[in-house]
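Below: the structure, in structure tokens.
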Amino acid sequence: MPDIVTRFAPSPTGFLHIGGARTALFNWLYAKHHGGKFLLRIEDTDRKRSTQEAIDAIIDGLKWLGVSYDGEIVYQSKRIERHIEVANLLVERGKAYHCYCPEDEIIIDDKIYGQIKVSSEQLDDIVILRSDNTPTYIFAVVVDDHDAGITDVVRGSDHLTNTFKQLLIYQALDFDIPRFAHVPLIHGEDGNKLSKRHGATSVCDYEKMGILPKAMRNYLLRLGWSHGNDEIISDEQAIEWFNLESIGRSPARLDFKKLEHLNNHYISNMSNEDILTLMLRENTLTDKKKGYLLQGLTELKKRANYLTELLDLAQFYIKDPPLDLSEEAEQIVKSNLDIVKLLASFLSNIGDENWNKGFLSSQIKECAKSHNMKISGVYHSLRAPITGLLVLRSLEC
């Protein structure tokens, strides 16, 4: 197989959508799997709708996701002269508005859907240049893909109609036709087309929620692609295993519970030092507090599904006393004040050398036993004044 070259070519009219992020990931993995190149092209010929904010969001989103492109970014708007040149070539050949296909059908051998046929009569005439001499999307994509040496076009199934039209342009120009693979769209948990009502739809939304890039890559990979029953898949495994044939033909459904599970896995397996670095982006701590938090993260990170949630759980390490107690925690303290005082006195007699999980746990259980207290009540009475929470699970994500 010749050198593989794939591309991600978004239109900068909004933020990087989760569907676009998955398409970029699949193209990146396919290129990496074959030792090829993955290119980024910004299709900004629609000057009215394209914005610099959207371009920045796409670039930042890919950077956060960890999907890196080769070479420089290509901006379609800077290649208009080339598009006009090729359009004039078609006019000279007498093929600008006519199809000279030898068969009545146009056939695409799609890497996911298999062979798809469409009658030439079903396709409207194709406009390649607008009245203002700017190229249409349908036409510019063919020219840009050809000039970039794109061998494989992996994109959403909503582009199928475009592909048939672009196939005519490829044939009219005698360009080599790349292999096509159309990925089914992503639907919401209810099975309907993904929209804002389903919650987060852009990559930046997931970043703000506290999703780790590794977890997002793993989740997007499994959103329509599978490798047996494997759920936790590293980047190295993904690059080794990825193929287009294992992409399903049915739309994938969002599953936020699965995303939470994956994120919890990756948070739990991060080093405390790396987590602390992320948390300190928005918090300045003394060395003493850093030391406490570094130790506490060993247990806290197991309880968090989101980084933002972890930050909430760690507030009692970060904030100076007195803490703001939750309504439930305040009620526990008020109703168990005698127990709280007893435990405070008991714990104050334990030296620093014994201040560890194993010793503290055994001593707390002994204290509960000697005072005929239920251990669950003791832990509630400890947790509420120390953490400000009734349970170490943030109520908001």
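From the list T6, T13, the lone residue that is assigned by the TED database to the domain that holds H182 and either surrounded by fewer than 20 Cβ atoms within 10 Å (Cβ to Cβ) or modelled with pLDDT under 95 (or both) is T13. When N305 is tested against (1) of a type outside the set (K, R); (2) in contact (Cβ under 8 Å) with a residue 12 or more places away in the chain; (3) part of a helix (DSSP H, G or I), only condition (3) is not met. Here S246 does not fit the description of being closer than 20 Å to G210 by Cα and among the polar types (S, T, N, Q). Note on segment 1-94: enclosed helices (runs of 4 or more DSSP H) holding 1 or more residues that are over 29 Å from D132 (Cα atoms), charged (D, E, K, R) and within 15 Å of the chain's Cα centre (by Cα) are 18-33, 52-65. Among the residues of segment 319-332, those identified as of a type outside the set (S, T, Y) and open to solvent by 20 Å² or more (accessible area, probe 1.4 Å) are K319, D320, P321, P322, L323, D324, L325, E327, E328, E330, Q331, I332.
Going through (1) among the acidic types (D, E); (2) out of contact with any Ser or Thr (no Cβ under 6 Å at 6 or more places or on another chain); (3) within 23 Å of K37 (Cα to Cα) one by one, D152 falls short only on (2). Only a single criterion out of (1) surrounded by fewer than 16 Cβ atoms within 10 Å (Cβ to Cβ); (2) within 30 Å of L262 (Cα to Cα) is not satisfied by A314, namely (1). As for segment 339-352, it holds at least one residue that is in contact with a Gly (Cβ under 8 Å, 6 or more places away or on another chain) and in contact (Cβ under 8 Å) with a residue 40 or more places away in the chain. Screening segment 36-95 for residues that are farther than 22 Å from T151 by Cβ and of a type in the set (S, T, N, Q) and picking the one that is surrounded by the fewest Cβ atoms within 10 Å (Cβ to Cβ) gives Q52. Only one of the numbered conditions (1) open to solvent by less than 40 Å² (accessible area, probe 1.4 Å); (2) out of contact with any Asp or Glu (no Cβ under 9 Å at 6 or more places or on another chain); (3) of a type outside the set (S, T, Y); (4) at pLDDT 80 or above is not met by I116, and that is (2). Quick one: is K193 free of Cβ contacts under 8 Å to residues at least 24 places away in the same chain, open to solvent by 10 Å² or more (accessible area, probe 1.4 Å) and over 30 Å from L90 (Cα atoms)? Answer is yes for this residue. Cβ-Cβ distances below 6 Å connect the following pairs, each with a first residue in segment 267-288 that is of a type outside the set (A, V, I, L, M), a second residue that is open to solvent by 40 Å² or more (accessible area, probe 1.4 Å), and a separation of six or more residues or different chains: S268/K302; N272/L294.
All of (1) surrounded by 15 or more Cβ atoms within 10 Å (Cβ to Cβ); (2) in contact with a Ser or Thr (Cβ under 9 Å, 6 or more places away or on another chain); (3) closer than 30 Å to E189 by Cα hold for N272 with one exception: (3). Among the conditions (1) more than 22 Å from D320 (Cα to Cα); (2) touching a residue at least 24 places away in the same chain (Cβ under 8 Å); (3) open to solvent by 60 Å² or more (accessible area, probe 1.4 Å), the only one that V378 does not satisfy is (3). The condition of being under 30 Å from K214 (Cα atoms), touching a His at 6+ places or on another chain (Cβ under 9 Å) and of a type in the set (S, T, N, Q) holds for only one of N269, N305, N283, that being N305. For segment 246-255, the criterion of a residue being in a loop (DSSP other than H, G, I, E, B), of a type in the set (S, T, Y) and open to solvent by less than 50 Å² (accessible area, probe 1.4 Å) is satisfied by no position.
With respect to the conditions (1) under 23 Å from L311 (Cβ atoms); (2) open to solvent by less than 40 Å² (accessible area, probe 1.4 Å), V340 lacks only one, and its number is (1). Only one of the numbered conditions (1) open to solvent by less than 10 Å² (accessible area, probe 1.4 Å); (2) out of contact with any helix residue (DSSP H, G or I) (no Cβ under 8 Å at 6 or more places or on another chain) is violated by L160, and that is (1).
When you scan segment 284-306, how many residues do you find that are open to solvent by 40 Å² or more (accessible area, probe 1.4 Å) and over 24 Å from G358 (Cα atoms)? Of the residues in segment 284-306, 3 are open to solvent by 40 Å² or more (accessible area, probe 1.4 Å) and over 24 Å from G358 (Cα atoms).
The values are calculated or read from the model by the stated rules, or taken from the named source; none is laboratory data. No experiment lies behind these values; they were computed from the predicted model shown. In this analysis, Cβ positions are derived from the backbone assuming ideal geometry, glycine residues included, and neighbour counts consider all displayed protein chains. Please note that ligands, DNA and RNA were not included when accessible areas were found on the heavy atoms of the full protein model with its side chains. Shrake-Rupley method; radii C 1.70, N 1.55, O 1.52, S 1.80 Å.
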